[in-house]
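Worksheet for the structure shown next.
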Amino acid sequence: MTRAERLAAAAFIVSAATAIAVLVVYVQHPDPQWEGALLGIATLAFGAAFVIIANGLLPPGPAVEQRERFGADLDEREEVEEAFERIDVLSRRRFLLGTAGAAVVAFVGVAVWPLRSLGPRPGNALARTPWRNGLRVVNEAGAPVVASEVPLGGLVTVFPEGAVGSADGQAVLVRVEPQMLKLPAGRESWAPDGLLVYSKVCTHAGCPVGLYEARSHELLCPCHQSAFNVLDGAHPTAGPAARAQPQLPIQIASDGTLVALGDFSDPIGPGYWDRPDHSQ
Amino acid sequence: MSRPLARALLALPLALGVVTVIAWRPGRAIAQIDVRTIFLRDCAVCHGADGRGSPRGPSILTSGRAGVDFYLSTGRMPISKPTDAVERHQPKYDPATLRALVDYVASLPGFTGPDIPVVDIGHASLPRGGVLYRLNCAACHAWSGRGGALLHRESPPLDHATPTQIAEAMRVGPGNMPVFGEAAVDAKGLDDVAAYTREITRHPADRGGFPLWHLGPLPEGAVAVFLGLGILLALARVIGTRASEHREVPEAGST
């Protein structure tokens, strides 16, 4: 047995032993760090064995194989040229072009037709959310939000009733001092007692706008640091977002719960190619 | 007079005195005067003797017992100058003085706000705490409770906060933190969030061994790419170099 053989065999034995050790650790005392380390040794030893075999046992190279001569000899060339000249290319060109065209059309058709499988056009589904007039505002547990349970400076993540966890219906509810509000014209009644609901989906890239700095009244998006001032209709004050967060018109019902008066003021989330743009 | 009798007569007033001293506890009136002095010395300069605030500091009348206890027990207050950063420090007062100070502030006329929540993390639900934490807290305090950058300042790490302080902060919303009222997190939810926060800060599941200061997936990926792939590349190069040592380099132009 040569030295390389012994070394390779030893590496294989180490690999086998550590692999079994992984199993023992896994069964006896699961610990991801030990498992990882042993598995690493097992794979390394396995690879090392092959490196040793390649370097020490396989015949040393390189083995050179002579290549055959390229090209045909003169006789062959002349024969081909003669045969080529015999073919009447012109009389068959139209037919050839026709068939080639048919092949191209069929090929492109086959390639384009499956685009239909992308499904029906979304229509205005992107512009709508589950929020409807009369739907109650609920929290993440599905419990209706009572206005008196949202203190000044408060923040609640809310959903439309019956659609808890909805990706496009998620919204943030905050309470601010009513006299500080500077909402756009027409939204005067949308913030009863200083309660404001804005979409939680950032108009820049769709991240959840979950950070709220209560003292500066700014919603902050954690992905790209867009900031929105909740007092003036959540217009962006910093960062890459260009559009305001859509606001949800709400009112306080007679039992103190919050009820939506319709859908958001604008389509939520980032822009898309046929987004109706009636805000700016 | 016999000596035992004299001893007894001498011992009687002594014993009475000892008993009196043991039985005497500072009455409410005396304690309040002490606390009032502390309040006027440490708090009233900015917050006013009546707690209504001044140009140097905000009103504390709406902070509730929870707010007063939070600021004092985390050492965020008192600060020596109004411009000082409001940050976590060793609390300035011992627990008894702190309680008396909270009681005193709570007795100021017009004082309102949330009471100190009673937190029981023994019966809390960690999974529910995780859901609430990720929904309400993780955006600012990070998935690991290490805190993170905000627009105007940063949100603090949570590893030193006691369960009561966590619950107080949620109900009060200190500084730029929003208030999490009953509609966002109910009383049981406070227990759950406090328990979950304690779990992720005290017993984080760092399966990789070295958590990289809980900076998150981006640094972890960077380490994997640069360190891990770097080692693999170096190893591949070592293997390749050794293999070629055994081979003869073919002579140029041997075809």
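The values are calculated or read from the model by the stated rules, or taken from the named source; none is laboratory data. Owing to the predicted nature of the structure, the values given are computational and were not obtained by experimental measurement. Ideal geometry is used to build each Cβ from the backbone, glycine not excepted, and the neighbour counts take in all protein chains shown.
Tabulated results
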item	result
Boolean, residue B:109 is under 13 Å from residue B:68 (Cα atoms) and either in contact with a helix residue (DSSP H, G or I) (Cβ under 7 Å, 6 or more places away or on another chain) or touching a residue at least 12 places away in the same chain (Cβ under 8 Å) (or both)	no
Members of the stretch B:128-174 that are in contact (Cβ under 8 Å) with a residue 40 or more places away in the chain, basic (Lys, Arg) and part of a helix (DSSP H, G or I)	B:128, B:171
Filtered residues of the stretch B:73-104 (kept if of a type in the set (Lys, Arg) and within 19 Å of residue B:48 (Cα to Cα))	B:76, B:81
Number of the exception - residue B:146 against (1) charged (D, E, K, R); (2) more than 9 Å from chain A (Cβ to nearest Cβ); (3) closer than 20 Å to residue B:67 by Cα; (4) buried (at least 19 other Cβ atoms within 10 Å of the Cβ)	(3)
Single condition residue A:159 does not satisfy, out of (1) touching a helix residue (DSSP H, G or I) at 6+ places or on another chain (Cβ under 9 Å); (2) under 20 Å from residue B:139 (Cβ atoms)	(1)
Restricting the stretch A:199-228 to residues that are in contact with a Ser or Thr (Cβ under 7 Å, 6 or more places away or on another chain) and away from chain B (no Cβ under 11 Å), the residue that is nearest to residue A:264 (Cα to Cα)	A:202
Count of residues meeting criterion [surrounded by fewer than 21 Cβ atoms within 10 Å (Cβ to Cβ) and free of Cβ contacts under 8 Å to residues at least 40 places away in the same chain] in the stretch A:140-160	5
Number of the condition not met by residue A:2 [criteria: (1) polar (S, T, N, Q); (2) more than 47 Å from the chain's Cα centre (by Cα); (3) closer than 22 Å to residue B:241 by Cα]	(3)
Any hit, the stretch A:197-211, residues being of a type outside the set (Ser, Thr, Tyr), over 26 Å from residue A:272 (Cβ atoms) and not in a loop (DSSP other than H, G, I, E, B)	no
Residue list for the stretch A:168-184, filter: without any contact (Cβ under 8 Å) to a residue 60 or more places away in the chain, closer than 23 Å to residue A:126 by Cβ and within 14 Å of chain B (Cβ to nearest Cβ)	A:170, A:172
Pair list, Cβ under 8 Å, 6 or more apart: the stretch A:193-213 residue free of Cβ contacts under 8 Å to residues at least 60 places away in the same chain and closer than 25 Å to residue A:252 by Cα, other residue basic (Lys, Arg) and part of a strand (DSSP E or B)	A:193/A:175; A:194/A:175; A:196/A:175
Residues within the stretch A:215-232 that are closer than 20 Å to residue A:150 by Cα, touching a strand residue (DSSP E or B) at 6+ places or on another chain (Cβ under 7 Å) and assigned to a loop (DSSP other than H, G, I, E, B), tallied	1
Qualifying residues in the stretch B:110-143 (those that are among the small types (Gly, Ala, Ser) and surrounded by fewer than 21 Cβ atoms within 10 Å (Cβ to Cβ)) - the one farthest from the other protein chains (Cβ to nearest Cβ)	B:122
Sole residue being more than 30 Å from residue B:62 (Cβ to Cβ), away from chain A (no Cβ under 13 Å) and modelled with pLDDT under 90, chosen from B:212, B:227, B:218	B:212
Any hit, the stretch A:4-11, residues being at pLDDT 85 or above, surrounded by 11 or more Cβ atoms within 10 Å (Cβ to Cβ) and not aliphatic (A, V, I, L, M)	yes
Any chance residue A:125 is in contact with a Gly (Cβ under 6 Å, 6 or more places away or on another chain), among the aliphatic types (A, V, I, L, M) and closer than 24 Å to residue A:275 by Cα	no
Matching residues, the stretch A:238-263, being assigned to a strand (DSSP E or B) and not β-branched (Val, Ile, Thr)	A:238, A:247, A:251, A:258, A:260
Some residue of the stretch B:72-83 being within 21 Å of residue B:154 (Cα to Cα) and not in a loop (DSSP other than H, G, I, E, B)	yes
Any chance residue B:250 is modelled with pLDDT of 85 or more and either of a type outside the set (Gly, Ala, Ser) or over 22 Å from residue B:144 (Cβ atoms) (or both)	no
Residue A:131 vs. criteria among the aromatic types (Phe, Trp, Tyr) and surrounded by 15 or more Cβ atoms within 10 Å (Cβ to Cβ)	yes
Exclusive hit being at positive phi and away from every other protein chain (no Cβ under 14 Å), set A:165, A:123	A:123
Some residue of the stretch B:188-204 being at pLDDT below 90 and either surrounded by 13 or more Cβ atoms within 10 Å (Cβ to Cβ) or farther than 14 Å from residue B:158 by Cα (or both)	yes
Selection count, the stretch A:12-23, where residues are surrounded by fewer than 17 Cβ atoms within 10 Å (Cβ to Cβ) and within 20 Å of residue B:209 (Cα to Cα)	1
